[in-house]
1. Kindly indicate which of Arg311, Arg330 is under 24 Å from Leu205 (Cα atoms) and not aliphatic (A, V, I, L, M).
2. Residue by residue through the stretch 273-330, note down the ones that are without any contact (Cβ under 8 Å) to a residue 12 or more places away in the chain and of a type in the set (Lys, Arg).
3. Wholly within the stretch 255-325, which strands (runs of 3 or more DSSP E) include no fewer than the required count, namely at least 3 residues that are at pLDDT below 95, within 25 Å of Leu363 (Cβ to Cβ) and not aliphatic (A, V, I, L, M)?
4. Looking at the stretch 169-182 only, could you name the residues that are of a type outside the set (Gly, Ala, Ser) and farther than 10 Å from Leu413 by Cβ?
5. Evaluate the stretch 193-205: report whether one residue or more is under 18 Å from Val285 (Cβ atoms) and among the charged types (D, E, K, R).
6. If you go through the stretch 168-211, how many residues are more than 29 Å from the chain's Cα centre (by Cα), part of a loop (DSSP other than H, G, I, E, B) and polar (S, T, N, Q)?
7. Restricting to the stretch 340-385, what's the tally of residues that are touching a Gly at 6+ places or on another chain (Cβ under 8 Å) and either without any contact (Cβ under 8 Å) to a residue 12 or more places away in the chain or assigned to a helix (DSSP H, G or I) (or both)?
Amino acid sequence: MYDIALISQESQQENKEAYLENHKKFSEQSSLKTDYLSSDCHQQKNQQWMHKSSSLTQIYPSLDDNLTCISQTSSVISVKEPKIPIETNKKIKKRKNHAHRNLKTAVSRKQIEMKCQTEKRPEKSTGQLLHYLHEKDVKIPIPSIETIIQQEALLSEQILSYSNYQYYMHNLIGYLMGSLKDSFMAQMYINHFSQLYSNLQKSKLIVCPQQYSFSIKIQPQKKIQKTLIIDLDETLVHCNEFSCLKSDFFIPLVYGDKSFQVGISIRPHAQQFLRNMAKVYEIIVFTASNPDYANKIIDYLDPEQNLVSYRLFRDDCIQISNNCHIKDLRILNRNMQDIVLVDNSAYSFAFQIDNGIPIIPYLDNKNDKELLHLENYLHYVNQFDDVRSQNNKMFNLKIVQNCISIAEAIKCLAASISK
């Protein structure tokens, strides 16, 4: 009985020790697994945060850099930088010093080469050196404000004088010599110049009357400025004789017992031209047409009636024949040196050729730019005390009038323009 009991106690003691040992091993393994799982979970979280931060910068590249840096560093803040071994650190420092030494040698070689080049240059003599030192001591004069203003005024005058040569005579010679190429405009200029030459020749036979009277329609000037007299038909507008041509507007006309709708085509830039010129000139429309016809057109061009100061019509002209109406500028009661007359017919300024500015007639060319060129010239001539002297230099109408042929006139014009 005793042996059996003793054996049973020993077996129970062994089982208990085995159980404790197994429990200890199990606890150790479980602790290892939890550590491993926790570290793995932490790495997965870090990867997720890094992926989120990188995707955020891709979607919003304009975000502040500080915000993206905070999101990245906060996810890996527990990660420590790896320590570099001492031997590796020494190798890195050695390579840096070697690169720096090579840079120094390269710079020093470059300096030596530059020094050799400078030594090969011929030495300056004592006189040259003294002259050089004397030049260094010379003070460069600074231009005054008055000088700068004068230079700017001369420059602007040169620019204006260059732009005004784009008008009429320059274009005529350009089309004749082939420097300007536009078959339609070339034909227009050649036809008009032949008519201009013919009218100027006939004007020599017209005697200017000694007596004249001021027009009661024109009042004394309230503001001192130059006067721009401009024609209406074929200069600012064209009356379409054929209904097939396109018109900008229509006006009613009564002839006898019948009424007609007449189409009017406005020259390109006409209204812009009047607006710009009204700022610097006193504008008077002087036409050889009847008032009933002309007033409707002027009202369309100047609906508020603040651009055109006065209107003169056929009864204000001097009629020589059915097709010849002269516009005597003396009736305006203005200083003749302040008047310019723009007209497609040279008969109009037969009495005052120096005041005349020719213009080719307008038919139906929507690419016409004559008024733009004319505007440049009028701005240019407005700055002179006497517009007639500049007209003589620009158009040479008296020279054309005294030539015995068109060929001679063109030759004289080409010579004057080349100067």
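The values are calculated or read from the model by the stated rules, or taken from the named source; none is laboratory data. This structure is a prediction, so every number in the text was calculated from the model and none was measured. Quick reminder, even Gly has a Cβ in these numbers, built from the backbone with ideal geometry, and neighbours come from all protein chains shown.
1. Values: Arg311 fails: under 24 Å from Leu205 (Cα atoms).
Matching residue, one of Arg311, Arg330: Arg330.
2. The one that is without any contact (Cβ under 8 Å) to a residue 12 or more places away in the chain and of a type in the set (Lys, Arg): Lys279.
3. Working: elements: 258-266, 282-286, 308-312, 318-321.
Per the criteria, 258-266.
4. So the first thing to find is which residues in the stretch 169-182 are of a type outside the set (Gly, Ala, Ser), and the list is 169-173, 175-177, 180-182.
Matches in the stretch 169-182: Asn171, Tyr175, Met177, Leu180, Lys181, Asp182.
5. At the first step, the residues of the stretch 193-205 found to be under 18 Å from Val285 (Cβ atoms) are none.
There is no residue in the stretch 193-205 that is under 18 Å from Val285 (Cβ atoms) and among the charged types (D, E, K, R).
6. 2
7. Summing the residues that are touching a Gly at 6+ places or on another chain (Cβ under 8 Å) and either without any contact (Cβ under 8 Å) to a residue 12 or more places away in the chain or assigned to a helix (DSSP H, G or I) (or both) in the stretch 340-385 gives 0.
Results for (1) in the same structural domain as Tyr168 (by TED's automatic domain parsing); (2) over 18 Å from Ile318 (Cα atoms); (3) charged (D, E, K, R); (4) surrounded by fewer than 21 Cβ atoms within 10 Å (Cβ to Cβ), shown as yes or no for each residue.
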| position | (1), (2), (3), (4) |
| --- | --- |
| Ile339 | yes, yes, no, no |
| Ile359 | yes, yes, no, no |
| Lys369 | yes, yes, yes, yes |
| Asp385 | yes, yes, yes, yes |
| Lys393 | yes, yes, yes, yes |
| Ile399 | yes, yes, no, yes |
